[in-house]
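Derivation of every value follows stated rules applied to the coordinates shown; laboratory data play no part. This structure is a prediction, so every number in the text was calculated from the model and none was measured. Note that each Cβ is placed from the backbone with ideal geometry, even for glycine, and that neighbours are counted across all protein chains shown.
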Amino acid sequence: MLLQNEKKIEGFLTKLPLVHAFKTSFGKESERKILIVKATKGEYSGWGEITAGELPLYNEETISSAILALKEFLFPLALKCGLKPKCFEEQAERFKGNRMAKAGISLALWDLKGKIEGKPLWKLYGGQRKEIPVGVSIGIQRTVDELVERISHFWGEGYLRIKIKIAPEWDREVIRIIRENFPHLPLGVDANSAYNKDDFELLKSLDEFKLLFLEQPLYNNDLYFHSLLRKKINNPVALDESITSARKLEEAYFMGSLSIANIKVGRIGGVREVLKASKFGNDKSLPFFCGGMLESGVGRAHNLHLASLPPFVLPADLSETKRYFHDDVTPEFTFSSPGYISVPQGDGIGVEVFEGKVREKVILSF
Ligand code: OSB
Ligand code: MG
């Protein structure tokens, strides 16, 4: 039994099998280990999600590094701050890195604040959209025919744009065939940093396919070589991995490294960073799209609230639940109208988290 003012913060490591394996230039996953944070004050609980992978293939963090960070210094800080998000986010700045771990707590504390104050997160953030335009991100398939089939399927369902993963050996020829089959499809491609500065000619040769964007073609932490590439090509450059904070977004903008920002709350370290980035994007009319990391319903609900902020004008990497999981820890997310998912209107994240399901799927709790 919880006492009236007891404050508590906990972590749950769970495992959700994916409906379809997801393959990128850095690896293949057929299940998603998901680290969930729960913060409790009295009768209210806030939930957050940590998007680190099992191995440091997307960025430097891992599930294990995040668990250590939570146990050793981030949970103690959250408790010292009385589970108040602003205090936590300000004071967590002196700890370097560990941004996905920080973001999971930030999200849980914002959800808790929303529930205590009786307000949905989008309102606390100053969001303006009630429905979020969404796209789908399709992994590398075994054959191009399978990819064509997957694209037809999702395009038929109403997604507003398609993003495909590319990698050396799965790039120019694949994109050529997709364009032949779908001449007017709104199509972006994401390399997850698979190319280097010797590949500019190949990347330039993608101009003829009139892509919506070429996402993170080069090194995961690079801004300079992307700025050189961007001058040489016509397709807009979107950056994902390289934007590790709101300040990095400013650097990227001033260096001319990007035309579009893929913003992920985990990668940049929490809600406060997204709000800072959003203010900057708004001032500079820099278009954002909300990225995804194959989150559970907890992360998906948070992303919908964040994507309601003004600069998130492009379709998000936020798809219906059934595209990811058969059995999620929240109610299913489905289109409110084709190509749109509505921002939940309840307090905090606005959706129930099925704690029983979280506990049923738990591998480790702390
Ligand atoms: O690069 O955007 C990425 C998933 C895991 C890791 C990196 C990325 C992705 C996606 C999936 O593209 C987007 C989604 O959650 O639907
Ligand atoms: Mg990406």
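For 169, 352, the sequence from fewest to most other C-beta atoms within 10 Å is 169, 352. Label sites at residue 19 and residue 327, each approximated as a point 7 angstrom past Cα along Cα to Cβ, lie 1.6 nm apart. Test of understanding: given the chain, find the longest segment containing no trypsin sites (Lys or Arg not before Pro) that are in a DSSP loop and have at most 10 other Cβ atoms within 10 Å. Longest gap between qualifying sites, sites excluded: 143-366.
Listed cross-link partners 71/96; 8/115; 15/80; 15/361; 165/361; 7/86 are compared with a 18 Å cut-off, the Cα-Cα value being larger for 15/80; 165/361.
Share of pairwise Cα-Cα distances greater than 35 Å in the chain is 19 percent (whole percent). Our note on the geometry: Cα centres of the stretch 327-360 and the stretch 51-65, 25 Å apart.
The alpha-carbon of residue 276 sits under 13 angstrom from the alpha-carbons of these aspartates and glutamates, leaving out residues fewer than 8 places away in its chain: 89, 90, 250. Adding -39500 (n - 2.57) for every DSSP H run of four residues or longer, then dividing by how many residues the chain holds, sets the calculated 222 nm ellipticity at -9500 deg cm²/dmol. The Cα center of the stretch 87-164 and the Cα center of the stretch 212-263 differ in position by 19 Å.
With a 10 Å Cβ neighbour count serving as the proxy for reagent exposure, in which order, fewest first, do 244, 334, 51 appear?
Numbers: 244 18, 334 10, 51 28.
Fewest to most other Cβ atoms nearby, the residues stand as 334, 244, 51.
Once backbone amide H atoms are built at 1.01 Å from N, residue 354 has 330 as its partners under 5 Å, excluding neighbours fewer than 5 places away on the same chain.
Counting other Cβ atoms within 10 Å as a rough exposure proxy, the listed residues 255, 293, 100 run 255, 293, 100 from fewest neighbours to most. Summing Lys and Arg as +1 and Asp and Glu as -1 over all other residues whose Cβ lies under 12 Å from the Cβ of residue 55 gives a net charge of -2.
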